[in-house]
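Inspection log for the structure reproduced underneath, given as structure tokens.
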Amino acid sequence: MPLLLCLGLGWLWAAVPIAAQAKAPLSAAETTGPYRNLAENHTGVFHLRQKEGVVYATFQTARSPVQFLARDQPEVLLTVPEGFRPAVDITWEVSARSVRTDGTPRPDHPDRRLFRMHMDTAGQVRYVDDPGVDGVGYLGYRTALAWPLAGTEPRVCDRHWNIRNGILAAVRVLDDIPVPCSQVDWTHLARIRNLSLHAPSWGMDFARHDLLGLTNLAALHVSATRATYSAELLAHTPRLQTLRMAETTLEELPADLFQYTPRLAHLSLGNDSRQDADPPVNLLVHTPHLDILHLEGRYPGEVLAQLLVHTSLLARLAVVPSTPLPETFLVTVPRLTHLTIRDGLEPCATPNLLAPVPHLRHFTVRLAAADRELACLDRALRLHTPALTELHLKLWGLQGLETGVLPHLHRLTRLTLAMGDRQPPAQLLSKIPKLTHLALHGGTLRLPDGFLAHTPRLTSLSLQADHLSHMPPDLLVPVPELQQVRVDTEDATSLPTRFLDRVTELRMDTELSVLPWDFLMHAPNLEVLHLNALSLESLPENFLIHAPHLETFHLDAGDFDASSRLTSFPEGFLTHAPSLVELRLHVPVLRTFPSSFLGHVPRLEMLELEASTDYSSFPYPPAKMHVTSLPANFLIHAPRLRYLDLEPLRYVTSFPPGFLSGSPQLRYLNLDASRVSTLPADFLSQHPHLETVRLRANNIPVLPQGFLSQSPNLMDLKLDLQQVNALPESFLAETSRLWNLEIDVHRVEALPPGFLADVPHLTYLYLRALNLTAWPADFLADAPRIRTLGLAMPLLEPTLTPDHRLWDTLQATSDRVKVIRPDPFYIEEPDMKWECSGTTIKLGTILELWGSAPDDQGRTLLTVIPWRERELFVTYWGSYCSYLIDSRFTAPTLEVCAADWDVDACIPIRDRFNDPDPEPGFEQGRG
């Protein structure tokens, strides 16, 4: 401890701490008071507000001897009163300024400090003794956060499905064990460090409690178009260090969004759909410790400069200015080491723009390839960036390069060229011998002889072009250190033999019907192959024989139309790909698998057969592969398989012995067994790790003995059992983790006793039982956590009256309602952001419920769309308008056919779909 600090605080060693005295509560849910009020050396004030099971808190002081109270004489700063204490222990970071004993700033310590505070479930608040308090002396701070109230539950099942799914995925990673949403507790949430949230394309609204309980979250990635954010959304994540938000409308972000995340060090805001938006200039005022800032939206240069005023510690910056940057743009970020500028840089007009950042080591810039601008850039780099080690240029408009040679940018290491259809000059790269990474983009790419002769240090080469019309055979000879070559083109068959020797990743679109016999013969280092060959008729006999290192293979062989011709694979298709881990095949008219298929891929973890939609039969189900049988050893030699999607195999009539038994690690299964009349006796009995099952078995009258009895981790189950007359007793007895159940049982007239007795965590139930004639005894009594019900039981509709014991439950959870009064009040939802198909809502109309909210007149308005009769495994394509309707005009319904529908509209989709047995020569007759 410094000597002055010891002298100034010595008397405190004998001081008797005065306990925090909470004032009389301002209300039943609010209180305030002082803490550690020791004479004149510390005056702290806290404020607590409890609302809906969440406590919002602020702690602030003008001066506090933090190191002394954390290490030299550790004390409890205050004890939070009962009624405000947290459900779990909480530790959080505090951003503070160095002050004198009287609370005035210390000019010799301008940088803010980060230290930690801790509160346990008994409400005791302390400073944490760790390196964050080393030599800090007196600090002044204000910190704000929120925590879940003791005695409450996380209610993860009630959160928006995007939030719920993201949390469940993060919890799954903690211990590699699936946990139902109803079993997620505050301890689970407090352990989550990384969270990814993926919202639908139409966006979502983040409520302020969506992240409640994530008190130790360090990294958050939000992928949501047109999302809106509550100002208090991040109050629950006080330790957040990294935040990535894709498709961000910066102008609509709350100005105080980051007030609860002082530790935030990495902020990435994605592309903004609004050009030249005007974001809040004080958006970053609460992020003094920001180290990395990426802004992908196009904002005026002056606006970007204002945003940087409060980020003096920034080390990495990426911006896309829509107007030229002012020369003073970087004055407030002198510690910058990495800078990316896409457009907006005018080196000749602002020669001193880089002067304030002498520590710059990495610089990426996109600009036009003009001699004068490049010369000005070179002068600025030589003058202002002595520490620069890596320069990445993204150049477009090579026609502006009059000399045909890039200037001697002696520190240029990465270069991206957008060349269009122009052939670059042969000497273009002759003055940049330190180049290590080169990316060439164009329509028709032509490279002259000796193009890489002056870049001997090149380690990475990427070619992305529609056509590669001329590749010199000796192109790669001068680059002996080349390690990675990526080719993304419509025609890789024209590549020279010696070029493919170095390729590690190949992405190719081709219109060829037959690939050359020696295709890939000279690609021994290939690791990733994406092949889009929509007119492909056959593959070479030894297609992958020379690609022993292949790990990822995606094959797209056309849509379900006349262009699809590939009906089989060669016998040794995967025999020579022992390193294969991921295999995705989209082959719509495939008729057979080779007998050795998957027999030599022991490392395979993912197999997906992608379905193809026949748009000519819209809106009917996806078209299926016309495979009728599987090889005898199918999947026997894939012990690491975790993800298996065989949804397109609709025409397979039986499964081979041992089907699935060789893949005990299976987590995900999607299988269409529509033509199978009997499932194997041991079906799913050797897969204890299964978490998700999608099984369409609508031609099976009886389930195997003990079906699902060996699936203790099953959480998500979707079954089409339309030929089953009765479900076995204890059907779900061994699936106690199940939280989502969707099941079609149209022939079942009565459900077994205790149907849901063993699934206490069930949250979503979609039950289609068109012939069910009686309500099951105590139906839903054992499923108290139900949040959404999709019940299609039309024969029971007459029994559904307001005095029915399930009426209130259905009112709160049904996914469908029926209009019960004439002339209903409804309006088109004002926030619709896409074109949609309108409809008329009237008496008898069935509507699908998306949400509800009160209006300013006290009415409950339901957000609805027109409902279409559909099966569990069929999804209608199309955009239907959503409406707001007064809930008093609706009631829950068990029906599936609206009163005003045409009779044909009520026929199930499967019965309307012409689905004949496959015939020989089917593929030759299409078109």
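Any read-out appearing in this document is the output of simple, stated calculations on the displayed coordinates, not a laboratory observation. As the structure is a computational prediction, the values presented were derived from the model and not from experiment. Cβ coordinates were reconstructed from backbone atoms using ideal geometry, including for glycine residues, and neighbour counts include every protein chain displayed.
In table form, for the structure just shown:
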quantity: Positive-end residue, segment 82-240 charge dipole about Cα centroid, Cβ charges, pick of I90, P180, T104; calculated: T104
quantity: Convex hull volume of segment 730-868 per residue (C-alpha atoms, cubic angstrom); calculated: 147
quantity: Lys, Arg +1 and Asp, Glu -1 on Cβ, resulting dipole of the chain about Cα centre, debye, nearest 20; calculated: 2840
quantity: Ratio of Rg to Rh over segment 680-811 (Cα coordinates, Kirkwood Rh, two decimals); calculated: 0.95
quantity: Diffusion constant of segment 370-461 at 25 °C, which comes from Stokes-Einstein with the Kirkwood Cα-pair radius and 0.890 mPa s, µm²/s; calculated: 181
quantity: Cα point-scatterer Debye curve for segment 524-595, base-10 log of I(q)/I(0) at q = 0.15, 0.17 Å⁻¹; calculated: -0.48, -0.61
quantity: Ranking of T628, T287, T489 by count of other Cβ atoms within 10 Å, fewest first; calculated: T628, T489, T287
quantity: Ratio of the Cα radius of gyration of the chain to 2.2 N^0.38 Å, where N counts its residues; calculated: 1.11
quantity: Of A783, H554, P347, farthest towards positive along the dipole that unit charges on Lys, Arg, Asp, Glu beta carbons give the chain; calculated: P347
quantity: Directionally averaged shadow of segment 115-168, computed from the convex hull of its alpha-carbon atoms, nm²; calculated: 6.0
quantity: For the chain, calculated [θ]222 nm from helices alone, where every DSSP H run of n ≥ 4 adds -39500 (n - 2.57); calculated: -2000 deg cm²/dmol
quantity: DSSP-defined beta bridges in the chain - what % are antiparallel, rounded to 5; calculated: 35
quantity: Lys/Arg +1, Asp/Glu -1 at C-beta; the chain dipole; positive extreme among L401, I192, H338; calculated: H338
quantity: Sequence-distant aspartates and glutamates (8 or more away, or on other chains) whose Cα lies within less than 20 Å of K394; calculated: E296, D343, E346, D371, E373, D378, E402, D421, D466, D488
quantity: Three-way shape call for segment 64-155 based on the alpha-carbon gyration tensor, with the a/c threshold at 1.5; calculated: prolate
quantity: Computed magnitude of the charge dipole of segment 680-811 (debye, nearest 20; Cβ of K, R +1, Cβ of D, E -1); calculated: 260
quantity: Global geometry of segment 645-733, whether rounded, prolate or oblate, following the gyration tensor of its Cα atoms and the 1.5 cut on a/c; calculated: rounded
quantity: Cα shape, segment 252-356, gyration tensor, a/c 1.5 rule; calculated: oblate
quantity: Ranked list, fewest to most other Cβ atoms within 10 Å of each Cβ, for D758, D108; calculated: D108, D758
quantity: Antiparallel DSSP beta bridges within segment 567-718, as percent of all bridges there, nearest 5; calculated: 5
